[in-house]
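What follows is a short report on a single structure.
The values are calculated or read from the model by the stated rules, or taken from the named source; none is laboratory data. Worth saying up front: this structure is predicted, and the values here are computed from it rather than measured. Quick reminder, even Gly has a Cβ in these numbers, built from the backbone with ideal geometry, and neighbours come from all protein chains shown. All accessible areas refer to the heavy atoms of the entire protein, side chains included, with ligands and DNA or RNA removed. Shrake-Rupley method; radii C 1.70, N 1.55, O 1.52, S 1.80 Å.
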Amino acid sequence: MIIVTEDITFIKSISILVSRLRLDRNIRMQVYVVSQRNLFISTILSKLFKIDIIDFKWNFFDLKNNHGTCEGQLVRKNFSNSFLKILDNYKINDNPEFLDYKNFQIFLVKRLMDGPFHLSKKSIINNIIIIYAIKNLMEKKGFIKATFLTENFPFDYLLKEHITNYDIDLKNLNYYLSFSFLNIFFKSIIFKKFITLKKYFRLLNNSYQFIKYKNIGNKSIVFDNDMMIHNPIKFNNPNSLDRKSTIYVAPNWYLSEQQERELKREDYNFIPLEFYPSKRKKNKFYTSNNQKFKFFKIKNFNFNINEKILYTRAFKEYLLYLNGWYDFFEKSNAKIFVTTNKFSYSQIAASSAISKLSGVSAVIQNSFYEFPWSNGILDYDVSFCFSNFKKDLEINTGSRIKQQIAVGYTNDYKFINFKQDAKLLRNKLLENGAKKIVCFFDQGSVDDTRWSLSNEISAKGYKFLLEKVIKNDWMGLIIKPKKPGLLKSKIVDIENVLNKAVATGRVYIVKSTDTNHVKNASIIPAYIAMASDVSVHDTMVSGTAGFEAALTKTPNFYLDLYNFNESIFYCETGKKIVFKNWDETWNAIINLFDRNLKFEDFYWNELLNKLDPYQDGKSFQRINEYLSALDFAYKKGYSKDDVLKYAANDFSNKWGDDKIMFFEK
């Protein structure tokens, strides 16, 4: 028997010792520790009690199901439905009238997927991945039985449902005298007072200001946008969205002072909001201390104490956002809330807040995916998506939406502004000897091999292509990392190869980042693709960059490291665009050049109309027209239902009935 644990705490060490005493004293016990190895306790257990303390390591891509698909990605896909099912079983019967319980459930799913889970230092998703790592370990080492030790783990059924066909004992130790438990317990009690105190401290520090009508004025449309990806100066052209009626807000503020001055010069209204005090640096955020919707004590005794603490803490945070957004909407007389922050949780509370004022909520798709991810679960009246090629894509996660509007790829309006720059970049590499140019998009990676695509695996792609540049004097290479700000740590072991390739003059790497960020959203994939003859994206799971490249009519090849064989990008014909490894991908690139193949010769030519039915660079024009129709109907005095019907009919008349899908919310 083996024991697996995230860390070794006092109570876990007691449990380990009890298990050890039940074994033959001549047999050494093995304890696999995921992280936070306590050297003092480990030494005692090892030397005095014949217990081997082993660092538990695995490779994320070794955890596969019978079809070869990566279990970690499937967990991220299916988590929301599993957790919503649990919450339905624990449904609170004493809801106050103001609470939209389904809205809170969706908020809770998104919130719990963000960061450490309760007392664990790992996310809930990573804790589930540990279960699959234990299964993999048992298969490799021939272990018959294993124990997974957790401590004060709420809703442990989330782990248990993944223990199938294996003798794994989940032992959840509920110990209430530890510092970590007492800390989170008292924080959940004083949460409201603690947040209020922090806000007033920042008011005194002049970094906060309470929302007042005079700061906003009458603004019927509130556009929540981090401004880094979509700048209204660029996407509101032609001016289909009334500037006087629209205010842009952003909880995540990445604009430089120069960009703020440009927005003011063009008469755009904008305001940085922050309802939950963070460590973000900004001269002044606007916040709220509204307490219209008050906390009520949970009376459902089916919860154990850890579940009550987690639930209560999340509910208080939900109320913080619900009250803050309601205050902002009420003081601005807003009727329409639209957000680009699809994967954030604060905006779920905003959708409930605007609904309480008989307003409409909408969300805009920014990234491409063909499988729904649990942290993208939605609760909005309107969802602006690229296309309706998969009818129930969002509904399958447990989302609630009324209308799904196909508007096309929402980054397409930027393409035209990069065409000339793309020519200049291409000419620069051609002048240095390149005859054909390959561009490469990496999806981003992490240092630890256990939880996702690792730097080690990602760097192999870099090395492979850089070595090809060195060996082939006809080849030019353009690289756009997902997070240029973290590139240095990824390529530390291949710097010699990198320097040698760069010295040829035929390599260009995007290394700059946007203000206060590790990404560079100002340099778009289309710019890189338009300068190239072929592009490669090293993951198909979130294949936005490769999709964008294809929209420029540049052939794109995907590397399917996750084995998503059911993907729409697979085809049985000779027009393949998906490959399992770098050698296959390289052979496809050479074949493309040798046979002088064009975009039309690949499967993309059959796919694009399904993925973007327009391809005209007018996605945001359609969004703005829809929002304007909503605004017009509200100003005519229509009810919410009639407002939605009016905007849908207006859109259908312009773009076709097939571009809108309706659902029961």
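If you place +1 on the Cβ of every Lys and Arg, -1 on the Cβ of every Asp and Glu, and leave all else neutral, what size is the dipole of the chain about its Cα centre, to the nearest 20 Debye?
Once rounded to the nearest 20, the dipole reads 2020 debye.
Find which of ILE190, ASN165, PHE201 sits farthest along the positive direction of the dipole of the range 164-247, computed with +1 on the beta-carbon of Lys and Arg, -1 on that of Asp and Glu, about the Cα centre.
Checked the options; the winner is PHE201.
Among PHE389, ALA314, SER352, whose Cα lies farthest out toward the positive end of the dipole of the chain, if unit charges sit on the beta carbon of Lys, Arg (+1) and Asp, Glu (-1)?
ALA314
Please report the accessible area of TYR213 (heavy atoms, 1.4 Å probe, ligands and nucleic acids excluded) in Å², nearest 10.
For TYR213, the solvent-accessible surface is approximately 110 Å².
Got a sec to turn the phi values of the range 446-463 into Karplus ³J(HN,Hα) couplings, 6.51 cos²θ - 1.76 cosθ + 1.60 with θ = phi - 60°, whole Hz, x for Gly and Pro?
For the range 446-463, the Karplus-derived couplings read 10, 6, 7, 6, 8, 10, 5, 4, 8, 4, 4, 6, 4, 5, 5, x, 4, 4 Hz, x marking Gly and Pro.
Does the range 313-422 come out rounded, prolate or oblate by the C-alpha gyration tensor, with a ≥ b ≥ c the root eigenvalues, rounded set by a/c under 1.5 and, if not, prolate when a/b is larger than b/c and oblate if not?
prolate
Taking amide H positions as placed 1.01 Å from N in the peptide plane, with prolines and chain starts having none, which residues 5 or more places from LYS122, or on another chain, fall under 5 Å of its amide H?
PHE117
Highest mean first, how do 1-7, 174-180 rank when packing is the count of other Cβ atoms within 10 Å averaged over residues?
The packing order, highest mean first, is 1-7, 174-180.
Is there a quick way to get the dipole size of the range 428-556? I mean about its Cα centre, with the Cβ of Lys and Arg at +1 and of Asp and Glu at -1; what is the value in debye to the nearest 20?
200 debye
Can you give me the long-range amide H partners of VAL249? Hydrogens built in the peptide plane at 1.01 Å from N, cutoff under 5 Å, separation of 5 or more residues or another chain.
PHE223, ASP224, ASN225, ILE271
So what is the accessible area of the range 444-528 per residue, in Å², with the probe set to 1.4 Å?
I get 45 Å² per residue for the range 444-528.
For the ranges 188-200, 53-65, what's the packing order if you count other beta-carbon atoms within 10 Å of each residue, average per peptide, and put the highest first? All intermediate terms of the calculation are to be shown ahead of the outcome.
Details: 188-200: 14.6, 53-65: 16.4.
Listed from highest to lowest mean packing, they are 53-65, 188-200.
From the phi of every residue in the range 316-331, what ³J(HN,Hα) in whole Hz does the Karplus formula 6.51 cos²θ - 1.76 cosθ + 1.60 yield, where θ is phi - 60° and glycine or proline is x?
Going residue by residue, I get 5, 5, 4, 5, 4, 6, 4, 5, x, 5, 4, 4, 5, 5, 5, 6 Hz, with x marking Gly and Pro.
Name the long-range amide H neighbours of ASP379: under 5 Å, sequence gap of 5 or more, or other chain; modelled H, no Pro or chain starts.
ARG400
For the chain, max minus min Cα coordinate along each principal axis, in Å, sorted largest first?
Computed over the chain, the largest-to-smallest principal extents equal 77, 67, 47 Å.
With every protein chain present, what is the per residue accessible area of the range 158-237 (1.4 Å probe, Å²)?
Here the residues of the range 158-237 average 56 Å² of exposed surface.
Could you give the accessible area per residue of the range 255-359, probe 1.4 Å, as a whole number in Å²? Mind showing how you got there, number by number?
Details: 4410 Å² over 105 residues.
Solvent-accessible surface per residue comes out at 42 Å².
Using square roots of five times the C-alpha gyration tensor eigenvalues, list the equivalent-ellipsoid semi-axes of the range 403-452 in whole Å, biggest first.
In descending order, the three semi-axes are 30, 25, 8 Å.
Where the accessible area of the chain is counted over protein heavy atoms with a 1.4 Å probe, how much of it, in %, is carbon and sulfur?
About 49 percent, which is the carbon plus sulfur part of the accessible surface.
If you find the alpha carbon centre of the range 428-503 and of the range 150-229, how far apart are they in angstrom?
Here the two parts' Cα centres lie 38 Å apart.
Karplus couplings for the range 560-576 from phi (6.51 cos²θ - 1.76 cosθ + 1.60, θ = phi - 60°), rounded to Hz, Gly and Pro as x?
Each residue's phi maps through the Karplus curve to give 9, 6, 8, 6, 8, 5, 7, 5, 5, 7, 7, 9, 9, 8, x, 9, 3 Hz.
In deg cm²/dmol and to the nearest 500, what is the mean residue ellipticity at 222 nm of the chain if only DSSP H runs of at least 4 residues count, each as -39500 (n - 2.57), divided by the residue total?
On the way: 23 runs with 267 residues, N = 665.
Value at 222 nm, helices only: -12500 deg cm²/dmol.
What accessible area, in Å² to the nearest ten, does a 1.4 Å probe give for ARG261?
Near enough 130 Å² of accessible area.
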